[in-house]
Amino acid sequence: MDASCATARKEKEEREYISMRRRTRAKESWNPNKDKKDVYTHRSWKTDELTCIPPMYYTDCGGGCSEENLQIFSIKVESIRGGLRWPLDVSGIVTARDTLDTDRKRNIVFARSRSNCQTITEECPYLELTGPTRAVVVDFDPGSFEVVLKVKGATESADRDLSFLVLPLEERYQYHRYYTSKNSTLELTLRRVDQSVEATISMRLAAGSSWPRGFQGVFTASIASIDDAEVSLLSFEDDRLPVNADDGIIKLTRRVVSVEREHGELKVSATAWCANDEQDTMTNDIVFTPRFAGRSCGVLNVGTCKIQITVAWSLFDW
């Protein structure tokens, strides 16, 4: 069987798998001693429901335990085929279904409707991730990481499939990996973080502060054990820092990061540069030591702009 036939067969099987899940509400509990092929047919899947477990579950009351987490850094459209051409107007959903939800509800990583597509180019082929909404827990009981993406056509009937993948959440997620569907190859940067605590980040402009006029900006987060990848919390052009006018809260695109419980560090960084002068750059970062519960606070200075950072720490219900 040649590579194209194998890819088409794999994609067909994955489509049948999700279709089956949408039709089935099996009541039998999963037995981890059974063969893995039974995992998806013996659980009660509520396919379209969102996870009801929020971030910061134990921030204010304490409790819970540390768990192995899957840190999702980026999803890149590495290559396209099948007659697709750059740029692409992408819609669809990427979701994780982990062990915290017994019914494997959706923990959204990326979601765009057809009327609100993300335009990606060959020069910048990364999806703008908005999640996960809480940390993704992985252990002996594999959940799934699912990708269903389309390319918008002139009419809805002319829309094309971009990527269709169903991947088990297993400990093999340690490096950049490539996954191929019929019309594209995706590069997923996913890393396992052992014995971690969930960090939920929020930012607020200090009273009287304003973002430097004419400066683009990016906010990122990174952890001590992974020094070659960052979580993009927010990226924006010009001086259009998205802020709530009434309270100064900065509207982050992502805010949840997994941090090692012992000897771990969370670094939150800000970089600003002038669109008209690439040499005119300002950067600053602040490092937080993880806690089991409660909050940590600090201030990032970007030029004369002061940004108050709050990190809410939480363990997991198990």
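The values are calculated or read from the model by the stated rules, or taken from the named source; none is laboratory data. Small disclaimer: the values here were computed from a predicted structure and weren't measured. Please note: Cβ atoms are built from the backbone with ideal geometry, for glycine as well, and neighbour counts cover all protein chains shown.
One table, with the values for the structure above:
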quantity: Count - residues of the stretch 121-165 that are under 19 Å from residue 107 (Cα atoms), out of contact with any helix residue (DSSP H, G or I) (no Cβ under 6 Å at 6 or more places or on another chain) and assigned to a strand (DSSP E or B); calculated: 10
quantity: Filtered residue count, the stretch 239-252, keeping only those that are β-branched (Val, Ile, Thr) and buried (at least 16 other Cβ atoms within 10 Å of the Cβ); calculated: 2
quantity: Residues that are part of a strand (DSSP E or B) and touching a Leu at 6+ places or on another chain (Cβ under 8 Å), drawn from the stretch 270-299; calculated: 270, 284, 285, 286, 287, 288
quantity: Residue count, the stretch 268-294 (criterion: touching a residue at least 40 places away in the same chain (Cβ under 8 Å) and surrounded by 16 or more Cβ atoms within 10 Å (Cβ to Cβ)); calculated: 13
quantity: The listed residue being of a type outside the set (Ser, Thr, Tyr), at pLDDT below 80 and either touching a strand residue (DSSP E or B) at 6+ places or on another chain (Cβ under 9 Å) or within 18 Å of residue 145 (Cα to Cα) (or both), out of 38, 101; calculated: 38
quantity: Some residue of the stretch 219-228 being in contact (Cβ under 8 Å) with a residue 60 or more places away in the chain and on the phi < 0 side of the Ramachandran plot; calculated: yes
quantity: Residue check for residue 156: farther than 22 Å from residue 260 by Cα and charged (D, E, K, R); calculated: yes
quantity: Hits in the stretch 210-253 (condition: among the acidic types (Asp, Glu) and more than 26 Å from residue 277 (Cα to Cα)); calculated: 227, 228, 246, 247
quantity: In the stretch 48-100, the residues that are charged (D, E, K, R), in contact with a Lys or Arg (Cβ under 9 Å, 6 or more places away or on another chain), within 24 Å of residue 162 (Cα to Cα) and part of a loop (DSSP other than H, G, I, E, B); calculated: 48, 49, 81
quantity: Qualifying strands (runs of 3 or more DSSP E) (wholly inside the stretch 176-266; at least 2 residues being assigned by TED's automatic domain parsing to the domain that holds residue 302); calculated: 184-205, 215-223, 226-236, 256-260
